[in-house]
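Before any comments, here is the structure.
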Amino acid sequence: HYHDQDQEAEQQQQRELSSTPTSSPPCSKGLNEDEVLNRFKVIRHDIGDKVISLSEDVLVTCDNWRDPKSNVLKLEQSISDPKKKHLVFYDMWHDDIAIEILHLLRRKSQNRCWTLIEFRGCQERHINAVLKTVLEMDIVQTIAFSLTNEKYDPMRRCTNSTLDVIAKSMQNNTRFECLIFHSRPMHFIQSETMKKLRVKRLHFLENVYLHPNEIPELAAGLKSNTSLESFSFLGGVTHVSAGYDVSKIAYALKAHPSLQRLSLCMKSSAEGGVSGLNEVVACQDSALKCLTLTGGFTISSFFPKGTFSEGLRDSSLRHLYLREVFLFPQDVEDLAAGLRVNGSLESFSMKLDSSDTAVNIAPIAFALQDNHRIQRLSLAGKCSLGEGVYGIAKLLSSENSMLKDLHMPGAFLDKSSRVPGYLQVLTDGLRGNQKLESLDLSVNGLSDAEVVMIYSQLWTCPKLDNLDLGMNEVSYRAIEAFSMQKNPNQLSVLRISSPKFSFFHINNKLCQTLLKLLSLNPRLGDVNFNMGPIEWHQTYHNGKMQWHHFFPAYRVYALHSSNKRVEYLKNKELDNEGKRDLERIQFLLDYNWAGRNLISHHIKLPVSLWPKILARVSKGRTCFWTGREQGSQLEFAHDVTYSLVREHLVNFLKSDSPVRATKRTQKDTSFQLGAKKQKL
């Protein structure tokens, strides 16, 4: 009797788990693919027993034995919170909890859309039930899998796998477009399933290793999937053999009609490199615009002869990115030959991190010296520019150059390869540049005198907005020299640091120096002494690549408390005047960033710009001083707004008298915080 009751209850639970909702899809914004992928860079090393819950996550788990249903209440409270964009199911294995969650999603999630739903270590039947519900409700853009707890069997093939459930449930779906595997799929990958999986973006990340027999199946499925726009294979193959390596994927994608963005890890290639790679680079009869090739920190020759010299000759590729690879001399010459004749690339970036041996990249610099199409150039990692500095200087000094972003972290670190007067050559090319917007010379062992030599030329570059001098051999004297410059520049972001000079070396004297520097440069709104890594975040949208400079620890997920750094400084070796200076510094950072430059020249500000300025003040941005999360308000938003309005009205009221406006002296913008404000 009890056995029959258990069977009936189990059948009822299965009916609840497999029931389908009927609802109309809500409206949602477009998907930022790179923002979602960046999330997995943060949690990459925290997978295991530790559970990371980021500020945008709703973590639903059954690990609380005392009150397992508390997570259902947490989900119900978070559904109406627009800041919660990621729904994470961690080790969910209670049937009754899964049923309640499905009921809750049907009742409460009709008017919202989740950016990401991630499964970490959940049972397959619960995963399939949730997937079927959310896909048919059309309330999710991205689905990700991490920590799959099913034991993988290479011979386990079925027609009702998780991928099959996704394919069947998205027939009338208009929102779901991205599928991410942070761990390998639970079932054997089959070509027929991949053909039916009509997703726009498919990513296999670093932790995914496929069986050799799955590679031909995956390749055949990718070739037949005409909806695919972005694909990443950053993992590897468990056993590499001829015909069962990454070359199979390269052949399948060489003439793909819809693929625009491809990231391919080459460490699982057969001897002799990735055959057919030159055809991928050539982009003949292909929609490919952005290609990323990574070596997985393996010292191997991945590039067969002619990969770039033949592939780039008539290629329509716009963006080429090489990272975690090692270039042998013949690879450098082949790449330089291809870059010399190519006429399509808009951005070229390489980061050589696979070996401690510095690679001579001078031929690449000379190949690009007459290139008038390239907009972003990055030569980073274990490389030596040497005489190539003459090629970079020529590119910078050309009136026809379109270069906007130049990044050379580590290119001058090898002091034995520096040519005499290399910095003078570089600054001569930089002087008067009208296009450059960002310059990165971090990790180059530059001294105080050398960074001052560079900084002194910035006022001649009207578009230069971002300067990175981090992790060099500098001290506080460099900041003092910056503040002594007579001509203001257009910088809005400045990063400078060294093992001897970082955030923890700030004192009263440096606070006064920073006040002088910020008062002199009305656009400087972010001064950063961070010693951590710097990343370039790429966004490929509507056929255009955009690059965003950010500091991962503070600009993405804000893993630090709000005012931890300011409180540290206030309790450090600062007297009362130093603490007040610190507040003035924060005010000037906010004031400059919000738009002080617009009213600093005593011009009448158009009324049409005010809504944008006030929106900028209220939105805020992450700052080095407070570690505030992106989107939070400025520390001194009220004072910033008051100062902007005050300066605008002063200029407006005096505009009737041109003589008086001409003779008017500039007011001090670093006013005393807390002082009584005079009525206008």
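The values are calculated or read from the model by the stated rules, or taken from the named source; none is laboratory data. A quick note: this is a predicted structure, and the numbers were derived from the prediction, not measured. A quick note on method: Cβ atoms are made from the backbone with ideal geometry, for glycine too, and the neighbour counts reach across all protein chains shown. We work out accessible area using only protein heavy atoms, side chains counted, and drop any ligands, DNA or RNA first. Shrake-Rupley method; radii C 1.70, N 1.55, O 1.52, S 1.80 Å.
Observations on the model:
- Neighbour net charge for residue 282 - beta-carbon separation under 9 angstrom, K R +1, D E -1: -1
- Fully extending the segment from residue 431 to residue 96, taken as 0.36 nm per residue of separation minus the present Cα-Cα distance, adds 113.7 nm.
- The residues packed around residue 114, meaning those with a beta-carbon under 9 Å from its beta-carbon, carry a net charge of +3 if Lys and Arg are +1 and Asp and Glu are -1.
- Charge sum, other residues only, whose C-beta stays under 12 Å from residue 355's C-beta, Lys/Arg counted +1 and Asp/Glu -1: -2
- Using a probe of 1.4 Å on the protein chains alone, the accessible area found for residue 519 is around 40 Å².
- For the stretch 490-500, 3J(HN,Hα) per residue [Karplus equation, 6.51 cos²θ - 1.76 cosθ + 1.60, θ = phi - 60°, Hz, x = Gly/Pro]: 9, 5, 10, 10, 10, 10, 8, 6, 7, x, 9
- The H on the amide N of residue 263, modeled in the peptide plane, is under 5 Å from the matching H of 231, 232, 233, 292, each at least 5 residues off or on a different chain.
- Protection proxy ranking of 139-147, 588-596, 488-496, by the mean of other Cβ atoms within 10 Å over each peptide's residues and highest first, is 588-596, 139-147, 488-496.
- Taking amide H as placed 1.01 Å from N in the peptide plane, the amide H of residue 384 sits under 5 Å from that of 359, 360, 361, each at least 5 places away or on another chain.
- With the gyration tensor restricted to C-alpha atoms of the stretch 285-418, the semi-axes of the equivalent ellipsoid amount to 21, 20, 12 Å, longest first.
- A convex hull fitted to the Cα coordinates of the stretch 191-244 yields 74 cubic angstrom per residue.
- If R0 is taken as 30 Å, the Cβ-Cβ distance between residue 508 and residue 449 corresponds to a FRET efficiency of 0.75.
- HN-Hα J in Hz across the stretch 371-380 - Karplus 6.51, -1.76, 1.60, θ = phi - 60°, x for Gly and Pro: 7, 10, 10, 5, 10, 10, 10, 10, 10, 10
- On the beta carbon distance between residue 355 and residue 110, with R0 = 60 Å, the FRET formula returns roughly 0.65.
- For the stretch 398-532, the Cβ-based charge dipole about the Cα centre amounts to some 320 debye (Lys, Arg positive; Asp, Glu negative; other atoms uncharged).
- Relative counts (whole %) of C-alpha pair distances in the stretch 271-328, using bins that are 5 Å wide: 4, 19, 29, 26, 15, 6, 0
- Cα pair count fraction exceeding 25 Å, expressed as % - the stretch 119-258: 21
- Residues 211, 182, 239 ordered from highest to lowest accessible area at a 1.4 Å probe: 239, 211, 182.
- When its C-alpha radius of gyration is set against 2.2 N^0.38 Å (N residues), the stretch 429-477 gives a value of 1.13.
- Across the stretch 471-485, computed HN-Hα scalar couplings (Karplus, 6.51 cos²θ - 1.76 cosθ + 1.60, θ = phi - 60°) run 6, 10, 9, 10, 9, 5, 5, 5, 5, 4, 5, 4, 6, 8, 5 Hz from first to last residue, x flagging Gly and Pro.
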